[in-house]
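Here is the structure we will look at, set down as structure tokens.
Every number in this text was worked out from the coordinates using simple rules, so none of it is lab data. These figures come from a predicted structure and were not determined experimentally. Quick reminder, even Gly has a Cβ in these numbers, built from the backbone with ideal geometry, and neighbours come from all protein chains shown.
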């Protein structure tokens, strides 16, 4: 379906409908291309309905199918829809990957759900998804702004143990928070030392 790459979503819709009329059962790739087209048109509801259609035709949605819809919901701040779809994903036995966690974290942070974000980030780190994303820094910054510097330090310590270095914004927030809330200088030194001694995965892009 090259139409989606060209932004001609109407032709992509017509082609997909024609496939179904002719009795051609789309494979997972064709379904995902079509779901992506629907998401780009902000037609998330139809995309969700396509998941049921896929299952009826014996084509099980994969993490790509779900991630595209979760991303679409995140952009419109539909956290309730994201939670429901994430539960369905687990019930259907579709494993979360790093991208799923990133999208869910973005949605939670966007709605100010920092406590839930922290829990999900810790779960993500426990599953060895050792790759930095900007949302990590947003969580650290928000915790520091709320005066929860101790919690922020705990998360950063866990990140460092997974060879993930926080970005500059996170370190700045920790330094300011430590000064404002009278944290001992050794708290940050204990985190910096492992980064100096052992190779740590640095973020490729920082805001």
Kindly put 94, 149, 64 in sequence by how many other C-beta atoms sit within 10 Å of each C-beta, fewest to most. 64, 94, 149
Explain nothing, just the number: relative contact order of region 84-137, from Cα pairs under 8 Å at least 6 residues apart, as a whole percent. 34 percent
Extension gain residue 57-residue 88, at 0.36 nm per residue separation less the Cα-Cα distance, in nm? 9.4 nm
Region 82-156: D in µm²/s via Stokes-Einstein (Kirkwood Rh, Cα pairs, 25 °C, 0.890 mPa s)? 192 µm²/s
Segment residue 119-residue 46, extension gain: residue separation times 0.36 nm, minus the distance between their alpha carbons: 23.2 nm
As a footprinting exposure proxy, order 78, 126 by other Cβ within 10 Å, with the fewest listed first. 126, 78
When the chain is fully extended, how far beyond the present Cα-Cα distance does residue 146 get from residue 111, taking 0.36 nm per residue of separation? 11.1 nm
